[in-house]
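Contents: one structure, followed by commentary.
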Amino acid sequence: MGNPPPRPEKRTKRSGARPAPTPPPAPNRTPLIIGVVVLVVAVVAIIVGLTSGNDDKPKVATSSSSSVLRALGEIPSSVFEKVGTGTSNNPPKAITDDPLMKDGKPHIAYVGAEFCPYCAAERWAMVVALGRFGSFTKLPLSHSAVEDVHSNTQTVTFRGAEYHSDVLAFSGTETAGNELVGGQYERLDTPPADVEAAATKHGIESIPFVDFGGKFLLSGATYDPGILAGKTSQQIADALSDPNSEIAKGIVGSANVLTAAICAATDNQPAEVCKTPVIEAAGKQLERQR
């Protein structure tokens, strides 16, 4: 896997977006029948311009966030066991920081940006892993930038997401958007100070990165984003229930590894998740790094 993209402030590409279509001219003083014809032609021209002249703009996923969220919550437990660690290839690294806490719970902190294709890929694995410890009640759809590698990778965004868990606290920071504004991606949110301090301490200079309660630290995506090329969000979510699909091997395999890192932060709670054979095996692989 290649190096993850730099932080948003280092991105200086110019936008390739097309200008909005020119509105129809105001009607002149012509007979009524001619005015009606002109109006109809103008409306048709606008529709054609909007539907056929936007090949270089992002394709909107033909799914709703609710249907994607539902599919993510219906992955059979047998799939997790059969996939194992799948094709995941960049596990979190063990660290010896003080516990990272929020609201009295272990804090799992993700930092990325909406333009970043590696972040787009990693969010899928994060959502699947976090879904075993709590639930997302709101999860907006998004996509990576059209100007970047793995252009327009369909994904979700943690900006505006809502998550609830009894055993951990989660924060998902999106530092920049996915559309260029004046040659730069729009700045969005700032990571929590203690999360930023941990990244600085460990020399993390790229995104995505995830701090697992001060126990493990991830930098970069855990699988190849290329397996998501050309797929809608719904197709990606639906593929996760098929353990033989390349998408499941990448996302579910990575989610099992991330789940093991989260279990280290939650002291193996809940046991029905952390004590399953696949998660215990993944946890042992992570612990060998210490």
- Query: Somewhere in the stretch 225-240, is a residue closer than 17 Å to Ile95 by Cα, surrounded by 21 or more Cβ atoms within 10 Å (Cβ to Cβ) and in contact (Cβ under 8 Å) with a residue 60 or more places away in the chain?
  - Reply: no
- Exclusive hit being aliphatic (A, V, I, L, M), at pLDDT 95 or above and surrounded by fewer than 16 Cβ atoms within 10 Å (Cβ to Cβ), set Ala121, Ala197, Ala129: Ala197
- Given the residues Phe158, Phe170, which is the only one that is part of a strand (DSSP E or B) and either of a type in the set (Lys, Arg) or under 20 Å from Ile251 (Cβ atoms) (or both)? Phe170
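Residues checked against (1) on the phi > 0 side of the Ramachandran plot; (2) acidic (Asp, Glu); (3) in contact with a Cys (Cβ under 9 Å, 6 or more places away or on another chain):
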{"site": "Tyr110", "(1), (2), (3)": "no, no, yes"}
{"site": "Leu141", "(1), (2), (3)": "no, no, no"}
{"site": "Arg159", "(1), (2), (3)": "no, no, no"}
{"site": "Glu162", "(1), (2), (3)": "no, yes, no"}
- Residues of the stretch 137-169 being in contact with a helix residue (DSSP H, G or I) (Cβ under 6 Å, 6 or more places away or on another chain) and either of a type in the set (D, E, K, R) or within 22 Å of Ala71 (Cα to Cα) (or both), in sequence order, are Leu139, Pro140, Leu141, Ser144, Asp148, Thr153, Gln154, Thr155, Val156
- Starting from the stretch 69-86, take each residue that is over 21 Å from Thr222 (Cα atoms) and in a loop (DSSP other than H, G, I, E, B) and list its partners that are at pLDDT 95 or above and of a type in the set (S, T, N, Q), counting only C-beta distances under 7 angstrom and pairs at least six apart or across chains. Glu74/Ser241; Pro76/Ser241
- Item | Long-range neighbours under 8 Å by Cβ, at least six apart or interchain, first residue surrounded by fewer than 21 Cβ atoms within 10 Å (Cβ to Cβ) within the stretch 247-275, second in a helix (DSSP H, G or I) and among the basic types (Lys, Arg) | none
- Query: Can you find even one residue in the stretch 108-118 that is surrounded by fewer than 16 Cβ atoms within 10 Å (Cβ to Cβ) and either without any contact (Cβ under 8 Å) to a residue 24 or more places away in the chain or not hydroxyl-bearing (Ser, Thr, Tyr) (or both)?
  - Reply: no
- Task: Determine which member of the set Ala261, Ala248, Ala255, Ala199 is over 19 Å from the mean Cα position of the chain (by Cα), of a type in the set (Gly, Ala, Ser), outside any loop (DSSP other than H, G, I, E, B) and closer than 25 Å to Ser165 by Cα.
- Result: Ala199
- Item | Positions within the stretch 84-135 being touching a helix residue (DSSP H, G or I) at 6+ places or on another chain (Cβ under 6 Å) and of a type in the set (Lys, Arg), in sequence order | Arg132
- Answer yes if at least one residue in the stretch 149-159 is among the aromatic types (Phe, Trp, Tyr), at pLDDT 95 or above, out of contact with any Leu (no Cβ under 6 Å at 6 or more places or on another chain) and under 23 Å from Thr232 (Cα atoms), and no otherwise. yes
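The values are calculated or read from the model by the stated rules, or taken from the named source; none is laboratory data. Since the model is a prediction, treat every value here as computed from it, not as a measurement. For neighbour counting, all protein chains shown are included, and Cβ atoms are generated from backbone atoms with ideal geometry for every residue, glycine included.
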